[in-house]
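Encoded as C-alpha cells, the structure appears first; notes follow it.
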Amino acid sequence: MQRRDAAILRVLYDCGVRLAEVTGLGVDDIDWDRQVINVVGKGSRPRAVPFGRKTSQALDRYHSARQVRLQAGSPDLWLGAKGRLTDSGIAQMIRRRCRDAGVPHLHAHQFRHGAAHRWLASGGSEGDAMRLFGWRSRVMLERYGAVLADQRAYDAYRRLCPGDEP
C-alpha cells in the first residue's frame, strides 16, 4: 500500500488533477512513452496530463508492486483491500498519511491548487495552465491563481527589483 499511496500523492502533487480523475484512472491510462496520464475530466472531456520523472518513478514502483496482487488483472489502476479504490478511499488515505506525518490534514483539491500555483509561479503561461488543468473558462484560472497571486507578485518583485536599477 505504501507504493500505491506514494504514487497517488505524486500524481496529485505533480499533475494537479481532480480527485475523480485520479480515481477513474485505469492501468491503460498511463502512456509511458509520452509520460502522460489520460484522464476524463468534468463534462466527460478527456485530456492528457504530463507527469515528471519523480512521478514516473512512483508510478513504475507501484505498477511493479501491483503485479503480485490478487486483483492484478483488474483494469482499475488503484487497488485497495476490497478492490478498486474510490474517492472516499483516497481521501481516507490522505487523512491517514497526513496524520502519520504529523502535518495538518490536506484535501485532495489542495494539491490541485498547489500545482496551479507552482505552474504560474514558475513562469508557466496562463493558456497552458488552462489546458493542463482542464479549465474552459478564464474564471477558473483567476480563481485558482488568486489564492497565491500576492505571493507570486512579491516573489517576482524580489527577482526583478525595479527600484534597484542604476
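The values are calculated or read from the model by the stated rules, or taken from the named source; none is laboratory data. These figures come from a predicted structure and were not determined experimentally. Cβ coordinates were reconstructed from backbone atoms using ideal geometry, including for glycine residues, and neighbour counts include every protein chain displayed.
Some observations on this one:
- Applying the condition of being surrounded by 13 or more Cβ atoms within 10 Å (Cβ to Cβ) and more than 14 Å from the chain's Cα centre (by Cα) to the range 5-29 and asking which residue is nearest to R84 (Cα to Cα) yields G26.
- Exclusive hit being out of contact with any Asp or Glu (no Cβ under 7 Å at 6 or more places or on another chain), surrounded by 12 or more Cβ atoms within 10 Å (Cβ to Cβ) and at pLDDT below 90, set R143, R112: R143
- Selection over the range 39-56 of residues that are at pLDDT below 95 and either part of a loop (DSSP other than H, G, I, E, B) or within 14 Å of W78 (Cβ to Cβ) (or both) gives a count of 2.
- Scoring W78 on the criteria (1) touching a helix residue (DSSP H, G or I) at 6+ places or on another chain (Cβ under 6 Å); (2) of a type in the set (F, W, Y); (3) farther than 30 Å from R138 by Cβ leaves a single failure, condition (1).
- Residue, farthest from the chain's Cα centre (by Cα), within the range 141-166, restricted to residues that are outside any helix (DSSP H, G or I) and of a type in the set (A, V, I, L, M, F, W, C): C161
- Which listed residue, of R99, R143, is without any contact (Cβ under 8 Å) to a residue 12 or more places away in the chain, closer than 17 Å to V17 by Cα and among the basic types (K, R): R143
- Cβ separations smaller than 8 Å between residues 6+ apart or across chains give the following pairs from the range 65-87 residues that are within 23 Å of D31 (Cβ to Cβ) and touching a residue at least 60 places away in the same chain (Cβ under 8 Å) to residues that are assigned to a strand (DSSP E or B) and not basic (K, R): R66/L79; L85/D76; L85/L79.
- Positions within the range 3-31 being of a type in the set (S, T, Y) and over 14 Å from S56 (Cβ atoms), in sequence order: T23
- Taken residue by residue, the range 7-15 has no member that is within 24 Å of F133 (Cα to Cα), of a type outside the set (S, T, N, Q) and not in a helix (DSSP H, G or I).
- From R69, R84, residue being closer than 16 Å to V22 by Cα and basic (K, R): R84
- Of all residues in the range 18-38, exactly one satisfies the criterion of being assigned to a strand (DSSP E or B) and either of a type in the set (D, E, K, R) or touching a residue at least 60 places away in the same chain (Cβ under 8 Å) (or both), namely D31.
- For P75: the one exception among (1) touching a strand residue (DSSP E or B) at 6+ places or on another chain (Cβ under 8 Å); (2) surrounded by 17 or more Cβ atoms within 10 Å (Cβ to Cβ); (3) of a type outside the set (A, V, I, L, M): (2)
- Restricted to the range 115-140, and to residues there that are in a helix (DSSP H, G or I) and of a type in the set (G, A, S), the residue that is modelled with the lowest pLDDT is A121.
- Filtering the range 90-109 to residues that are exposed (fewer than 13 other Cβ atoms within 10 Å of the Cβ), under 17 Å from the mean Cα position of the chain (by Cα) and part of a helix (DSSP H, G or I) leaves only H109.
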